[in-house]
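The values are calculated or read from the model by the stated rules, or taken from the named source; none is laboratory data. Computed from a predicted structure; not experimentally measured. Heads up, the Cβs are rebuilt from the backbone with ideal geometry, glycines too, and the neighbour counts pull from every protein chain shown. Heavy atoms of the whole protein, side chains included, go into the accessibility calculation; ligands, DNA and RNA do not. Shrake-Rupley method; radii C 1.70, N 1.55, O 1.52, S 1.80 Å.
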Amino acid sequence: MTGLILFAVMAALGAVYKAYATQKAKRAAPQPPSAAQTQSAAEKAEKKARQAAAVVALGFVPEAALDTGNLAAPPPERLAAAAAVRAGDWQAGAAYVEAAGRDWEERWNRVRTLAEAAAEDDAWLLAWRAARPQDPTAALVTADTSVQVAWNVRGSQSGSRTTQEQFRLFHELLLKAQQDAYEAQRLADPADPVPYMAEQPIGQGLGYPHEQYQQLWAHIVTRAPKVLTAHTSAQQYWSQKWRGSHELALDFAYRAAASGAPGELLSLLPLIAYVEQELHEDGLKPETFFKEPEIAAAVDAALVDLAAADPADRRAVRLRHMLAWLLFWQDRDAEAVEQFRHIDGYIGAMPWYYSGAPKARYLHARDWSVREVTPGL
């Protein structure tokens with residue numbers, strides 16, 4: 001009997017160790033090899049290259065071809081509009097935005113395309129404003145361009161890595177952007193929420209008090225209660241790293257998700273909240289935190305939401321990126337690979353860009369999941 005008990009204990013310890021070793025490998029894989037390891041660095045590099053080639057041979061995109069600037073393949077009309085305005089054809093840009101009609105998510109995306117171009121060179125936008133000074137779309141593009149310029153000055157580093165001069169200019173430029181947003185709101189179609197969405201990053205950067213931000217939020221949701229980008233922008237405001245806390249961010253996320261019908265993709269918000277929490281709260285390890293029952297349930301809800309979405313809905317890719325990351329950490333590798341097949345090639349999305357090495361983060365998760373579900377790989 002004693003021998004049987006000892007055998008059972010040793011077997012249990014072996015299972016625990018295997019789970020621990022797997023978690024440790026997931027977390028530590030991107031790190032340089034230790035001197036204490038038996039294989040040489042060259043042997044490990046060769047093995048890694050073979051494994052990467054095997055994954056590519058299965059139809060996945062090689063590292064060199066990964067696009068870190070887009071979350072999906074840009075529509076041809078977006079590329080054409082950006083090229084046209086850069087060549088001075090503001091009329092083409094105006095027509096491009098107006099073609100979105102009252103699809104507010106699409107209108108927002110098209111305004112942002114033009115604003116990104118104008119942040120580099122706004123000569124065509126100034127010509128548009130001169131020709132049509134009361135054009136609400138031109139005013140809206142101007143407002144979002146001012147936002148882009150301000151955030152470009154600030155940069156994407158954390159506050160501790162941003163200089164005081166950057167902060168000073170950022171604040172000054174946001175105050176200008178605020179006035180531009182007010183002008184866009186004054187000229188806008190009363191039903192259009194997008195000029196108020198343009199103010200969201202201004203409120204985030206200037207630090208609107210909660211009551212003021214809630215008033216801005218009311219302007220948006222009374223016009224269009226389900227615009228996904230408006231919700232993800234608000235999620236940033238309520239996060240701990242900006243103007244809220246993990247608790248406020250989760251509260252906002254779950255209330256928003258509960259308000260959405262299947263297929264509206266608002267289930268993305270709790271996933272964002274948990275990824276932000278893991279990133280910014282000390283002591284959390286992704287291999288254990290993301291397996292918490294409430295996070296597993298949020299992932300399950302997101303999968304149901306995604307299944308109900310229109311296959312042509314371009315917003316779905318945002319949810320797929322987050323699901324791929326969380327399913328990887330939950331050891332649901334087959335489900336993760338399904339998402340990786342949808343998103344592969346384009347990684348300009350959360351959570352990949354939250355890493356200083358987005359390609360390494362993406363490839364580690366993707367290739368691990370592929371190997372786990374491919375016998376002999």
message: Which of the numbered conditions does TYR362 fail, given that it passes all the others? Conditions: (1) open to solvent by less than 10 Å² (accessible area, probe 1.4 Å); (2) of a type outside the set (A, V, I, L, M, F, W, C); (3) over 15 Å from the mean Cα position of the chain (by Cα).
response: (3)
task: Check ARG341 against each of (1) more than 30 Å from THR374 (Cβ to Cβ); (2) open to solvent by 50 Å² or more (accessible area, probe 1.4 Å); (3) in a helix (DSSP H, G or I) and name the one condition it does not meet.
output: (1)
The listed residue being modelled with pLDDT under 50, more than 30 Å from ALA118 (Cβ to Cβ), open to solvent by less than 50 Å² (accessible area, probe 1.4 Å) and part of a helix (DSSP H, G or I), out of ALA12, ALA21, ALA25: ALA21
message: Condition check: out of contact with any helix residue (DSSP H, G or I) (no Cβ under 6 Å at 6 or more places or on another chain) and open to solvent by 60 Å² or more (accessible area, probe 1.4 Å). Does ARG223 satisfy that?
response: yes
statement: Note on LEU126: of the conditions (1) open to solvent by 40 Å² or more (accessible area, probe 1.4 Å); (2) touching a residue at least 12 places away in the same chain (Cβ under 8 Å), unmet is (2)
message: Given the condition among the polar types (S, T, N, Q), more than 16 Å from the chain's Cα centre (by Cα), farther than 14 Å from TYR213 by Cβ and open to solvent by 10 Å² or more (accessible area, probe 1.4 Å), answer yes or no: does some residue in region 246-259 qualify?
response: yes
Near pairs, Cβ below 6 angstrom, 6+ apart or cross-chain, from region 355-368 (small (Gly, Ala, Ser)) to any residue that is outside any helix (DSSP H, G or I): ALA360/PRO30
- request: Could you list, in sequence order, all residues of region 260-276 that are over 19 Å from GLU294 (Cα atoms) and open to solvent by less than 20 Å² (accessible area, probe 1.4 Å)?
  value: GLY263
statement: Conditions (1) part of a helix (DSSP H, G or I); (2) surrounded by 12 or more Cβ atoms within 10 Å (Cβ to Cβ); (3) modelled with pLDDT of 95 or more -> TYR208 fails only (1)
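Residue-by-condition table, conditions (1) outside any helix (DSSP H, G or I); (2) touching a residue at least 12 places away in the same chain (Cβ under 8 Å); (3) surrounded by 12 or more Cβ atoms within 10 Å (Cβ to Cβ); (4) touching a Lys or Arg at 6+ places or on another chain (Cβ under 7 Å):
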| position | (1), (2), (3), (4) |
| --- | --- |
| GLU278 | no, yes, yes, no |
| ASP282 | yes, no, no, no |
| GLU294 | no, no, no, no |
| VAL299 | no, yes, yes, no |
| ALA302 | no, yes, yes, no |
| PRO311 | yes, no, no, no |
- prompt: Looking at (1) surrounded by fewer than 19 Cβ atoms within 10 Å (Cβ to Cβ); (2) over 19 Å from GLU264 (Cβ atoms); (3) without any contact (Cβ under 8 Å) to a residue 60 or more places away in the chain; (4) of a type in the set (Gly, Ala, Ser), can you tell me which one GLY348 breaks?
  reply: (3)
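Inspect all residues belonging to region 31-41 and state whether any of them is modelled with pLDDT under 95, assigned to a helix (DSSP H, G or I) and closer than 30 Å to LEU377 by Cβ.
yes
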- prompt: Quick one: would you say GLY376 is out of contact with any Cys (no Cβ under 9 Å at 6 or more places or on another chain), outside any helix (DSSP H, G or I) and at negative phi?
  reply: no
- prompt: Any chance region 187-198 includes a residue that's acidic (Asp, Glu), open to solvent by less than 20 Å² (accessible area, probe 1.4 Å) and more than 28 Å from TYR354 (Cα to Cα)?
  reply: yes
